[in-house]
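The values are calculated or read from the model by the stated rules, or taken from the named source; none is laboratory data. Keep in mind that what you see is a predicted model, and the values were worked out from it rather than measured. All Cβ positions, glycine included, derive from the backbone under ideal geometry; neighbour counts span all protein chains shown. For accessibility, only protein heavy atoms count, side chains too; no ligands or nucleic acids. Shrake-Rupley method; radii C 1.70, N 1.55, O 1.52, S 1.80 Å.
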Amino acid sequence: MSTLGSRPDPAPYARPGGFPVVGVVGGGQLARMMQPPAIALGLRLRVLAEGPDVSAAQVITPAPIGAADDLEALVAFASECDAVTFDHEHVPTAGLRAMAEVTSVQPGADALVHAQDKIVMREKLTELGVPCPRWARVGDRAQIEEFAAQVGWPVVLKTPRGGYDGKGVLVLDSPEDPAWTTADGWFADWAERGPLLAEEHVPFTRELAALVVRSPSGQAAAWPVVETVQRDGVCHEVTAPAPDLDDELAARLTGIALSIAGGLGVTGVLAVEVFEVVRDGRPTVLVNELAMRPHNSGHWTIDGSQTSQFENHLRAVLDLPLGSTAARDPWTVMVNVLGPREIESRHEDLYRSYLHVMAHDPGVKVHLYGKEQRAGRKLGHVTVHGDDLDTVRARARHAAAFIAGEIDE
Ligand code: ADP
């Protein structure tokens, strides 16, 4: 018997001891990093992969192949799982609803839409009274200029759906900005689908993220608020906890994230990415983005916290009690290993870098995702934790830079 109901056994994927089978749609690194805690908890993890060699399909086998918008593949996959969750947010609502007919889907379609569509997200957060950048729906150039007349230039233009790592985000500095060519292309592409999102350009002092997890029965937990640093729209470095963060603001931000999780009915991990800004001489926050799955801003929790975001995500998906989110050390720094832009500086393969990195610093934890090197691609990350922030940061930066071939000693 499964703990979650009386569905038939998902042959040929037997459930030894009746432990539940958790399915993950999407075979990226997030699905891959769910495997170690699944093994520890004795869960069976399955993945619906985009192809045979994707990151998670290398370690979670056998992995059926299916696209995230293939209704038949989704339902066939879901019917073999006791609960289904996600590696990304790109499963269309129809697919989510069809899977929910045959199994438990976490998070559900009604919550997930807020992480899929930035306009729906802005509408809901505004309704909940969550502080956001000023925003508008825009259907053409004239409407952007009208919005800019209220909030000033630059204006940030976003495609509501399908963006990630800064793709689908455009800064327009003025009515003469050459980036208008791209904006015009987006308007043409989106003509049938609806308006784009325009936002004021927030003069933030830094970016922060609040990571929380919530189970279907409503238990919730929060990790310490972190500082994130992006390069070209891609997360580069995360420091936990965020240095010099006002206690009251950290508590308020955690409260905002928990209230979003409750207000939207999120299950599993929710990452709330925010801008820290100074208003009337005091730091405050504006919410930028939501992610309803384990998130890059939470990779530090694997080594740096009592329970990782991946383990707590699985616990939440199965409505199990959540694990402690306390940090192991005063400071943890996670640095992403991004594919080098210069082909000449690449290691022939990343494994070549291990000898140096591991001999140099036995305290560095290396996580690689089994991906081929491509410029700017997230290939892995390293984590270091300890008592002194400057040292911890320098060690993590050194290891990531060496693996990525940016330095050679
Ligand atoms: P994605 O969905 O691709 O992650 P985001 O909406 O998070 O896109 O934007 C990517 C990055 O662009 C943010 O991390 C931030 O650095 C910058 N950005 C986004 N929106 C704004 C804004 N309104 N003002 C200033 N910078 C922004």
| How far apart, in nm, are the 7 Å Cα→Cβ label points at ASP247 and GLN219? | 2.8 nm
| Where labels lie 7 Å past Cα in the beta-carbon direction, separation of ALA188 and GLU127 in nm | 3.5 nm
| Gain on full stretching of the segment that runs from VAL229 to ILE407 - 0.36 nm per residue minus C-alpha separation | 62.1 nm
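Would you kindly state how much longer the chain becomes between HIS356 and THR284 on full extension, computed as 0.36 nm times their sequence separation minus their alpha carbon distance, in nm to one decimal? Don't skip to the end; give the middle numbers.
Working: separation 72, 0.36 × 72 = 25.92 nm, distance 4.21 nm.
Full extension from HIS356 to THR284 adds 21.7 nm.
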| note | Sorted largest first, the C-alpha extents of the range 10-96 along its principal axes in whole angstrom are 33, 23, 19
| query | In whole percent, how big is the carbon plus sulfur part of the accessible area of the chain, probe 1.4 Å, protein atoms only? | reply | 51 percent
| query | How far is it, in nm, from the label point at GLU145 to the one at HIS90 when both lie 7 Å from their Cα along the line to the Cβ? | reply | 3.5 nm
| task | Report the local net charge at PRO330: Lys and Arg +1, Asp and Glu -1, summed over other residues whose C-beta lies under 11 Å from its C-beta. | result | -2
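Could you state the accessible area per residue of the chain in Å², with a 1.4 Å probe and every protein chain left in place?
43 Å²
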| request: Give, to the nearest whole percent, the P(r) tail of the chain beyond 37 angstrom, counting all Cα pairs. | output: 23 percent
| field | Calculated FRET efficiency for the pair GLU72/LEU389, C-beta based, R₀ 41 Å, to 0.05 | value | 0.20
